[in-house]
Structures are given as structure tokens and as C-alpha cells.
1. Skip the ligands, DNA and RNA, and give the accessible area per residue of the chain with a 1.4 Å probe, whole Å².
2. May I ask which residue of 56, 72, 111 lies farthest towards the positive end of the charge dipole of the chain, with charges of +1 (Lys, Arg) and -1 (Asp, Glu) on Cβ and the Cα centre as origin?
3. Suppose every Lys and Arg Cβ carries +1 and every Asp and Glu Cβ carries -1, with no other charges. What dipole size does the chain come out with about its Cα centre, to the nearest 20 debye?
4. Whenever you get a sec, compute what percent of the accessible area on the range 52-114 sits on carbon and sulfur atoms (1.4 Å probe).
5. In terms of modelled amide H atoms, which long-range or inter-chain residues lie less than 5 Å from the amide H of residue 84?
6. Provide the descending list of Cα extents for the range 1-44 along its principal axes, expressed in whole angstroms.
7. Hey, could you get me the Stokes-Einstein D for the chain, Kirkwood radius over alpha-carbon pairs, 10 °C and 1.306 mPa s, rounded to whole µm² s⁻¹?
8. May I ask you to derive the relative contact order of the chain, considering only C-alpha pairs under 8 Å and at least 6 residues apart, and to give it as an integer percent?
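The values are calculated or read from the model by the stated rules, or taken from the named source; none is laboratory data. Small disclaimer: the values here were computed from a predicted structure and weren't measured. For neighbour counting, all protein chains shown are included, and Cβ atoms are generated from backbone atoms with ideal geometry for every residue, glycine included. Just the protein is used for accessible areas: all its heavy atoms, side chains included, with ligands, DNA and RNA removed. Shrake-Rupley method; radii C 1.70, N 1.55, O 1.52, S 1.80 Å.
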Amino acid sequence: VQLQASGGGLVQAGGSLILSCAAPRSFSGIVSMGWYRRAPGKQRDLVATITSGGSTNYADSVKGRFTISRDNAKKEVYLQMNSLEPEDTAIYYCRIVNYGSVYWGQGTQVTVSS
């Protein structure tokens with residue numbers, strides 16, 4: 001199962017982007033949705049997650065700048081990224097937990113120029 005993520009691109013420092021990711025319509029037990037990222041030469045790290053009940057969790061480095069949200073009817077998750085910094089440059093992956101299984105998106109590149 002491949003999750004479809006979109007919204008990446010090239011933006012100047014201080015700019016904004018919004019990422020989106022859609023789960024398959026067949027998913028009926030989504031527990032949590034989230035975003036992770038892998039910067040060049042680094043491991044993949046958590047950016048933000050949101051549970052089915054709406055509880056959110058953010059990496060310290062993005063608190064106050066990024067906002068995660070979800071549309072349960074559309075089975076989509078979004079990441080609004082504001083005040084982007086060059087350090088946010090990475091491949092961003094959406095992650096969805098449906099019942100006990102974890103699914104990843106193919107990744108979308110975000111590049112922030114200084």
C-alpha cells in the first residue's frame with residue numbers, strides 16, 4: 001500500500017509550505033497519522049503526529065512553526081509549515097497507523113534556501 005503525499009518544493013527561508021497525505025479509502029482503523037523527515041546524512045526523525053482523537057505531538061525544533069491537522073472524513077493528514085528554515089530541508093514522509101500496521105508514503109522533498 002502506497003500513501004500519496006504531495007506539497008513539497010523549493011521555498012526561501014521564512015516562507016511556508018503545506019504538505020498533504022491521503023490514506024487509502026479502505027483504511028477503517030486509523031489510529032494515528034504523522035510526518036517524519038530525513039535530512040541529508042541523517043536518520044529519519046519525527047516531525048509531528050496526530051491521533052484519531054486529535055492529540056498532537058511535535059518535535060521541539062518545529063514547535064510554534066508547524067501545525068499538523070487531519071480530515072477524518074477524507075482520511076487525509078496535513079502539515080502546515082511556516083517560518084521555514086534551511087535546517088528544515090529534508091525528505092518528508094507521511095506515516096499512518098491503521099489498526100496495528102504502519103504505512104509510509106513515498107516521501108516529498110522540501111528544500112529551504114537561505
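1. Numbers: 5800 Å² over 114 residues.
So the chain comes to 51 Å² accessible per residue, rounded to a whole number.
2. The listed residue farthest towards the positive side: 72.
3. Numbers: 11 positive and 7 negative charges, 57 e Å.
It comes to approximately 280 debye.
4. Numbers: 1410 of 3130 Å².
C and S atoms contribute 45 percent here.
5. HN-HN under 5 Å from residue 84: 14, 15.
6. That works out to 38, 23, 17 Å along the principal axes.
7. Numbers: Rh = 14.0 Å.
Roughly 114 µm²/s, to the nearest whole number.
8. Numbers: 276 pairs, mean separation 43.1, N = 114.
Once divided by the residue count of the chain, the mean separation gives 38 percent.
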